[in-house]
Amino acid sequence: MAINLLRDTGVPLEQQRFTWRELVQTPYNKLMDDAFTRVRVILMNGIESEALRFGHACARMNGPWQAALAQVRRIEQHQQTMVNWLNPADQDPLETTIGFEQVAIEVTAAVAEKEPDPYLAQVYRFGLLEDFDHLYRYSALMDRLQGKDANALVQSYSDIVPGRPTAIEHRHPLDDLRKPYDRRRADPLTKLHALTIMAGEHQTHDYYMTVGPFFADPVARQVYAEIASIEEQHVTQYESIIDPGETWLEKWLLHEAGEVYNYWSCVESEGNPRIRAIWERFLDYELGHVRFVARLFEETEGRDAAEVLPERLPEPIRYQSHREFVRETLRRELTLSAVGAEFVDREQETEATRAYRDQLNSEGSPTEIVAAGYVWRPGTELTDPATRVRSVSPKSERRAA
Amino acid sequence: MRQSAQQGTNRTGIVGAGQLGEEMVAATREFPPSSPGDARAIGEVRMAYAQAGEGLGETPPPGSLMDKAKAAVTATTGGQPTLLMDKLGERLAFEHAGARLYEALLSKHRAYGSFEGGPSGEDVLHILTEEYDHAQLLERAIKNLGGDPTALTPAANLAVTISAGLPQVLSDPRTNLLQSLEAILVAELADNECWTALAQLARQAGHDGLTQQCLEAIGHERDHLGKVRAWVAAGQGRSAGEGGGAEMPEAGEGPAYAAGEEKRGEGRDAGGRPAGGKSGKGRSTRRERQ
């Protein structure tokens, strides 16, 4: 399906209506649906969440557009609801967390592979190895807290092994800021990529901050606290790659274009016909939003929307396993860190980052504790007789006594 | 809706993943753990927090001087007034939750109908009515002992946390009647165990009236458990008598009943259930004697 961002009209705003019954549909099936259906649902919830977040920030700074923002935002609210409510009730917060990390791995890898700007491709690969490690840590938590195999969610698409260890991902805030793309010269795909990953990471952060306290186990609470802190770093990183010189309306227009791009990518890859129909519907809604905002942009700024938007969308995001790409990145870039906006070997880290990390880890790192010696095995590590023997060894009995 | 799962698509296992699954295992050989140790590291943190932490909470004190005096008298006779109040709160919370479970079960029954050997709508309504009655009984008992039935006691809070998954199962539109009954069975097992404990605590505290009311409730709960077991067994195409489920204790079992009012086994059938429909009509009319 070819999309023309400048000409397709989509559904006009006044025809974008919902009922409560429509908003709450039968969720996808945790046992039967493909893992990438979950990945798409989680990402698109993040995309819509960003639409609301941006819309509110914009309204607070721009009185004249508050009415226009309120109209679009109310629709985005209900779009987000319909999407997020596709997550099933028998998928607990930790299982959904595994889904969030699979989003961060597979979508970031897809973006990193296609990103035309080499510096930004490096930014994505850098973040990718950190989120990749989170999947491993949360999988260890799921195994050791609940006795469950995270691969029931991951469905063998993404490796469950360590990445750049979370314990050394902690950096001073100034070492998480990157160089932004130039709004006048950047490829449209670069802008869509940046908005997509920023939105996904921001929602990941907010999700961990919400569900972390649901856990009783102190290690689980600590793990969520630690990884949520990294997600805050990632939001810092990814929002800093977006040109702050874009006008508010330019940003709004790009947000709507990013939503079109993402729903279209979902339409192109979704295997569940019921969920695909939702992606198609919202693709048409977002095209309506683009038209609405483009008119406002052109009237207000006296510029043609074509200055900001491409006529044709780039290739859709590829929802598939990026196993080899991730492994190759692991082999080559595991030891990277950052000094300011530049990527360097860990030995060259700033004193500020080392001091910051040492302070946080001075009473131990939760992600190291939860995954101490952890090797993922099909069906949980309890399928390994040696693991079972260790669990009841005299050492633990002495400690308990 | 069919009661048993159908064979078809299930993507959760590694066997069906083929080559993707083999690559998952291969990755663990190339990329080893980043730190040594094992799952016991988690236990050490749990111990450290436990040693520094607080409990789940406390029960509210008796409301009046008279109530405090009653509690003191109870304590001198070997009773545990605080524990009794905590456990009364627990049962009240559980009975309220249980009533909601049966309400949800009723919706399930109306939506999907029953199956051969499964419950009728009247069966479900009957148990639901008894759950309402039990809650009322407990509310009165707590008030009579000078407690506040609206207070969430630590044991009540614990019981609700323990059974948090049950309403999730019952209220999920995707679960069928048999799957819902499996959740109900867990609730009934706990209910039976805990009413028994409550009766023992009431007896220890010298509250004969309350003890008798608990024994009547236990009779109902034995009846519920027996029925639910039979329905689950029928749904699975087996007989409840074929060694299905843990043995049900007699209501009068245990040291607290050694010299009890109820004669062991009296009025009960071979399975320990109250005989002759006594349980079905046993709404409590007695009030706690103080």
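The values are calculated or read from the model by the stated rules, or taken from the named source; none is laboratory data. Because the structure is predicted, anything quoted here is derived from the model rather than measured. Here the Cβ is made from the backbone with ideal geometry for all residues, glycine too, and neighbour counts use every protein chain on show.
For every residue, the table says whether it meets (1) more than 14 Å from every other protein chain (Cβ to nearest Cβ); (2) among the aromatic types (Phe, Trp, Tyr); (3) buried (at least 17 other Cβ atoms within 10 Å of the Cβ); (4) in contact (Cβ under 8 Å) with a residue 12 or more places away in the chain.
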{"residue": "A:3", "(1), (2), (3), (4)": "yes, no, yes, yes"}
{"residue": "A:33", "(1), (2), (3), (4)": "no, no, yes, yes"}
{"residue": "A:37", "(1), (2), (3), (4)": "no, no, yes, yes"}
{"residue": "A:44", "(1), (2), (3), (4)": "yes, no, yes, yes"}
{"residue": "A:63", "(1), (2), (3), (4)": "yes, no, no, no"}
{"residue": "A:79", "(1), (2), (3), (4)": "yes, no, yes, yes"}
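Within region A:351-374, can you find the residues that are more than 14 Å from residue A:227 (Cβ to Cβ), crowded, with 18+ Cβ neighbours inside 10 Å and facing another protein chain (nearest Cβ under 10 Å)?
Those that are more than 14 Å from residue A:227 (Cβ to Cβ), crowded, with 18+ Cβ neighbours inside 10 Å and facing another protein chain (nearest Cβ under 10 Å): A:372, A:373, A:374.
In this structure, is residue A:171 over 18 Å from residue A:244 (Cβ atoms) and part of a loop (DSSP other than H, G, I, E, B)?
Yes.
Does region B:184-207 contain at least one residue that is modelled with pLDDT under 95, over 16 Å from residue B:98 (Cβ atoms) and surrounded by fewer than 22 Cβ atoms within 10 Å (Cβ to Cβ)?
Yes, the conditions are met somewhere in region B:184-207.
Scan region A:346-360 and give yes if some residue there is assigned to a loop (DSSP other than H, G, I, E, B) and under 19 Å from residue B:33 (Cβ atoms), otherwise no.
No.
What pairs can you find where one residue is in region B:47-73 and within 19 Å of residue B:157 (Cα to Cα) and in contact (Cβ under 8 Å) with a residue 60 or more places away in the chain, the other is of a type in the set (Val, Ile, Thr) and outside any helix (DSSP H, G or I), and their Cβ atoms are less than 9 Å apart, with a gap of 6+ or different chains?
What qualifies is B:57/B:153; B:58/B:153; B:59/B:153; B:60/B:153.
Report yes if some residue within region B:101-110 is crowded, with 19+ Cβ neighbours inside 10 Å and touching a Gly at 6+ places or on another chain (Cβ under 8 Å); otherwise report no. Working first, answer last.
Filtering region B:101-110 for residues crowded, with 19+ Cβ neighbours inside 10 Å gives B:101-102, B:104-105, B:108-109.
Subset that is touching a Gly at 6+ places or on another chain (Cβ under 8 Å): B:109.
So far as region B:101-110 goes, yes, one or more of its residues are crowded, with 19+ Cβ neighbours inside 10 Å and touching a Gly at 6+ places or on another chain (Cβ under 8 Å).
If residue B:4 meets every condition in (1) part of a loop (DSSP other than H, G, I, E, B); (2) out of contact with any Gly (no Cβ under 9 Å at 6 or more places or on another chain); (3) not aliphatic (A, V, I, L, M) apart from one, which number is that one?
Residue B:4 satisfies every listed condition except (2).
Working only within region B:209-241, note down all residues that are within 24 Å of residue B:133 (Cβ to Cβ) and either modelled with pLDDT under 95 or of a type in the set (Gly, Ala, Ser) (or both).
If the condition is that a residue be within 24 Å of residue B:133 (Cβ to Cβ) and either modelled with pLDDT under 95 or of a type in the set (Gly, Ala, Ser) (or both), then B:209, B:217, B:219, B:226, B:230 are the ones that fit.
How many of the residues in region A:317-333 are facing another protein chain (nearest Cβ under 9 Å) and touching a residue at least 40 places away in the same chain (Cβ under 8 Å)?
4
Report, by residue number, each residue of region B:154-177 that is assigned to a loop (DSSP other than H, G, I, E, B) and farther than 12 Å from residue B:190 by Cβ.
First, the residues of region B:154-177 that are assigned to a loop (DSSP other than H, G, I, E, B): B:163-164, B:172-176.
Hits for region B:154-177 are B:164, B:172, B:173, B:174, B:175, B:176.
Looking at region A:128-140, can you tell me whether even one residue there is more than 12 Å from every other protein chain (Cβ to nearest Cβ), more than 15 Å from the chain's Cα centre (by Cα) and closer than 19 Å to residue A:39 by Cβ?
The initial filter retains those residues of region A:128-140 that are more than 12 Å from every other protein chain (Cβ to nearest Cβ), namely A:128, A:130-131, A:134, A:138.
Those still in the list that are more than 15 Å from the chain's Cα centre (by Cα) too: A:138.
When the remaining residues are screened for being closer than 19 Å to residue A:39 by Cβ, the result is A:138.
Yes - at least one qualifying residue is present in region A:128-140.
Pick out the one residue from A:196, A:204, A:166 that is in contact (Cβ under 8 Å) with a residue 12 or more places away in the chain and within 14 Å of chain B (Cβ to nearest Cβ).
Working: A:196 fails: within 14 Å of chain B (Cβ to nearest Cβ); A:204 fails: within 14 Å of chain B (Cβ to nearest Cβ).
A:166 is the lone residue from the list that is in contact (Cβ under 8 Å) with a residue 12 or more places away in the chain and within 14 Å of chain B (Cβ to nearest Cβ).
Please work out which one of (1) more than 30 Å from residue B:174 (Cβ to Cβ); (2) surrounded by fewer than 14 Cβ atoms within 10 Å (Cβ to Cβ) is the condition residue B:145 fails and give its number.
(2)
Report the residue count in region B:10-50 for those that are in a loop (DSSP other than H, G, I, E, B) and at the interface with chain A (Cβ under 7 Å from one of its Cβ atoms). Steps first, answer last, please.
To start, the set of residues in region B:10-50 that are in a loop (DSSP other than H, G, I, E, B) comprises B:10-14, B:18, B:31-39.
Still in the list and also at the interface with chain A (Cβ under 7 Å from one of its Cβ atoms): B:10-12, B:14, B:31, B:33-39.
Of the residues in region B:10-50, 12 are in a loop (DSSP other than H, G, I, E, B) and at the interface with chain A (Cβ under 7 Å from one of its Cβ atoms).
Scan region B:78-86 and tell me whether some residue there is buried (at least 18 other Cβ atoms within 10 Å of the Cβ), part of a loop (DSSP other than H, G, I, E, B) and at pLDDT below 95.
yes
Quick check on region B:92-146: of everything there that is hydroxyl-bearing (Ser, Thr, Tyr) and in contact with a Leu (Cβ under 9 Å, 6 or more places away or on another chain), which residue is nearest to residue B:72 (Cα to Cα)? Give the steps one after another, and end with the answer.
Narrowing region B:92-146 to residues hydroxyl-bearing (Ser, Thr, Tyr): B:102, B:107, B:112, B:114, B:120, B:129, B:132.
Those left that are additionally in contact with a Leu (Cβ under 9 Å, 6 or more places away or on another chain): B:102, B:107, B:112, B:114.
Working: B:102: 38, B:107: 46, B:112: 53, B:114: 52 Å.
My answer is B:102.
Can you name the condition, by its number, that residue A:293 falls short on among (1) under 25 Å from residue B:27 (Cα atoms); (2) among the hydrophobic types (A, V, I, L, M, F, W, C); (3) in contact (Cβ under 8 Å) with a residue 60 or more places away in the chain; (4) in a helix (DSSP H, G or I)?
Here residue A:293 meets the rest and fails (1).
In the set A:210, A:204, which member is modelled with pLDDT of 95 or more, in a helix (DSSP H, G or I), buried (at least 24 other Cβ atoms within 10 Å of the Cβ) and not small (Gly, Ala, Ser)? Steps first, please.
On the way: A:210 fails: buried (at least 24 other Cβ atoms within 10 Å of the Cβ).
Just a single option satisfies the conditions, and that option is A:204.
Take the residues in region A:147-156 that are assigned to a loop (DSSP other than H, G, I, E, B) and crowded, with 24+ Cβ neighbours inside 10 Å; name whichever of them is farthest from the other protein chains (Cβ to nearest Cβ). Break it down into steps so the answer makes sense when it comes.
First pass over region A:147-156, keeping only residues assigned to a loop (DSSP other than H, G, I, E, B): A:147-150, A:155-156.
Subsequent filtering for residues that are crowded, with 24+ Cβ neighbours inside 10 Å retains A:150, A:156.
On the way: A:150: 11, A:156: 4 Å.
So the residue we want is A:150.
Which residue pairs have Cβ atoms closer than 8 Å, lie 6 or more positions apart in sequence or on different chains, and pair a first residue in region A:87-105 that is without any contact (Cβ under 8 Å) to a residue 24 or more places away in the chain and more than 17 Å from residue A:159 (Cβ to Cβ) with a second residue that is buried (at least 18 other Cβ atoms within 10 Å of the Cβ) and of a type in the set (Gly, Ala, Ser)?
Note: no pairs meet the criteria.
I'd like to verify a number: residues in region A:315-332 that are surrounded by fewer than 16 Cβ atoms within 10 Å (Cβ to Cβ) and either touching a Phe, Trp or Tyr at 6+ places or on another chain (Cβ under 8 Å) or on the phi > 0 side of the Ramachandran plot (or both), how many?
Looking only at region A:315-332, we keep the residues that are surrounded by fewer than 16 Cβ atoms within 10 Å (Cβ to Cβ), and these are A:315, A:320, A:324, A:328, A:331-332.
So of that shortlist, the ones also either touching a Phe, Trp or Tyr at 6+ places or on another chain (Cβ under 8 Å) or on the phi > 0 side of the Ramachandran plot (or both) come out as A:320.
Number satisfying all stated conditions: 1.
Could you tell me which of the residues A:196, A:190 is assigned to a helix (DSSP H, G or I), in contact with a Gly (Cβ under 8 Å, 6 or more places away or on another chain) and farther than 28 Å from residue A:384 by Cα?
Details: A:190 fails: in contact with a Gly (Cβ under 8 Å, 6 or more places away or on another chain).
From the options A:196, A:190, the qualifying one is A:196.
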